[in-house]
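No lab work stands behind these numbers, since they all come straight from the coordinates. This structure is a prediction, so every number in the text was calculated from the model and none was measured. Here the Cβ positions follow ideal geometry from the backbone for every residue, glycine too, while neighbour counts run over all protein chains shown.
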Amino acid sequence: MRPKIIVSSNSFNLKLIMEINNIGANAGLIWNALNANGKMTESKLKKETGLGSAEFYTALGWLAREGKLNVIVETRCGKDCEYLTLA
């Protein structure tokens, strides 16, 4: 169940609405990068989108909650590498 957002003149509520909109926009940046490039490591995806850590991981959570992401683990040279892809 999604939280209700109340629009009022209260600056806290306005800031909350703006942050939720930013999370959606940042999720779109991640989705577009994965759509254009295919599987990507977390670090490459973060660099590609130019998002800070908080914005990046919040947007990843948004996409994961919507079932839009897959995590693929591949072993290369004896090391496990994780890649993100679109579901």
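Taking only C-alpha pairs under 8 Å that are 6+ residues apart, what is the relative contact order of segment 28-87 in percent?
About 40 percent, as a whole number.
So how far apart, in nm, are the two label points at Ala64 and Lys47 if each is 7 Å from Cα heading toward Cβ?
Those two pseudo-labels are separated by 2.2 nm.
Which residues in segment 35-55 have a backbone N closer than 19 Å to a point placed 7 Å from the Cα of Arg76 along the Cα-to-Cβ line?
It comes to 35-49, nothing else.
Can you check what the net charge comes to around Ala25, using other residues whose Cβ is under 12 Å from the Cβ of Ala25 (Lys, Arg +1; Asp, Glu -1)?
Value of the local net charge: -2.
Once the other residues with Cβ under 10 Å from the Cβ of Leu86 are scored (Lys, Arg +1; Asp, Glu -1), what is the net sum?
+2
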